[in-house]
Amino acid sequence: MNACGRNKSTNHNTLLALMIPTLPPTPMEPTQIPLNAADFDSSYKFVKKVGIGVCGLAKLYKNHHNGHLLVVKRVYADCHTLSLTDSKGFPNKVPMEAEIMRLLPQHSRIMPLHFCTPQFPNGDFGLIMPYCDLGICGLLLDAIGNPQSGTPKTTREAALWHVILQVTESLAFLHHGRGAQRRDWNPVSHRDIKEDNILMRTSSPPGSPFPDLVIADFGMSAMYDNHVSGKVILADEDHATTIEESPKSDWRAFGRMLERRVGSSLECSDGLSLGRLRDVNLDGARELELVQLSNGLLRMCIADMLCHEEKLFLREEEAERVIGLAGKMVEVLRGQPDFVPMPRGEFQGLGLAVERDLKSYL
């Protein structure tokens, strides 16, 4: 199955005996990546430990030939794992995160996995992933939510629409298979959306005023049957029978994150009553009108994410509505005379890899 496309007939027996095959380079990785574990061992040298968590630790490695950076996430053998059968019929434990990343098609908003190997004698796994050079999304949200930073309001609102646009694109991919070639898509719920699990990297193409965002850390994720509502077909052993979350919970978690980090900076003085975003008709609205409505539309968007009464954002068309609106608002706000690119220092972590930069690998 290329991704979550086939229902119930997924064959996990070909996963790994020693290693998940290397993925081809993605848009995240313009430079060469190691072809296998031997190449990694011979070309990459340890730089420093960059984070530690309940289920593992992360270390930064650097290619001593070309300076390329990679992160090795060591996942403890007894944490968020699946019991699968290898090609010879023997039981084999693998990290949940590795299996989900293997099944998903590559996507520019989703952290790719280069390879995974149980390289440690005690059975711990090593997940080799790209390094995101600008830290966690929380750094950007701190800048957006700080009216005293000196950054124009237009720039901060454009940056918030940018966050909504790119995270919505990634969740629409996980939940609906947006942008993937598929027939039947088994929805994937991340189940741990928070600012520490959204990484930032230098934008492509260069020159964009905001960083690109990447969803990481799939250790808590689950895959659902697309024909039987709420039925889990893939989850780690500790949560396989107790999962209550669904893709909708990802939207609520995203909304709670935005409300907590930037909600107080969204003024209520633009005259737009707080209703449902889908009921707002912006056809024919001029740019100046959109600029004036931006603040209220942001508040409505966050309120919709937090809504428990309707299945807003769970439907593909609702996600598409937000993607279209957010893209338009970024474009309009960037065109305003008082817009200035957000200074890189506003959201960039200090140094090569401070601990806060890489929490989300854990």
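The values are calculated or read from the model by the stated rules, or taken from the named source; none is laboratory data. All of these numbers come straight from a predicted model, not from anything done at the bench. Because the Cβ atoms are built from the backbone with ideal geometry, glycine has one as well, and the counts that use them run over all protein chains shown.
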Tell me which of these Ile128 doesn't satisfy, since it passes every other one: (1) modelled with pLDDT of 90 or more; (2) closer than 28 Å to Gly263 by Cβ.
(2)
Is there a residue being of a type outside the set (Gly, Ala, Ser), out of contact with any Lys or Arg (no Cβ under 8 Å at 6 or more places or on another chain), modelled with pLDDT under 85 and in a helix (DSSP H, G or I) anywhere in the range 99-113?
no
Going by the conditions given, is Leu174 closer than 24 Å to Val322 by Cβ, at pLDDT 85 or above, hydrophobic (A, V, I, L, M, F, W, C) and touching a helix residue (DSSP H, G or I) at 6+ places or on another chain (Cβ under 8 Å)?
yes
May I ask you to list the residues in the range 165-190 that are farther than 17 Å from Ile100 by Cα, within 16 Å of the chain's Cα centre (by Cα) and part of a loop (DSSP other than H, G, I, E, B)?
Gly179
Hey, can you tell me all the residues within the range 114-127 that are over 17 Å from the mean Cα position of the chain (by Cα) and either outside any strand (DSSP E or B) or not aromatic (Phe, Trp, Tyr) (or both)?
Cys116, Thr117, Pro118, Gln119, Phe120, Pro121, Asn122, Gly123, Asp124, Gly126
Has the range 267-290 got at least one residue that is at pLDDT 85 or above, in contact with an Asp or Glu (Cβ under 7 Å, 6 or more places away or on another chain) and either surrounded by 13 or more Cβ atoms within 10 Å (Cβ to Cβ) or at negative phi (or both)?
no
Give the residue, chosen from Arg183, Arg191, Arg178, Arg201, that is surrounded by fewer than 23 Cβ atoms within 10 Å (Cβ to Cβ) and in contact with a Cys (Cβ under 8 Å, 6 or more places away or on another chain).
Arg201
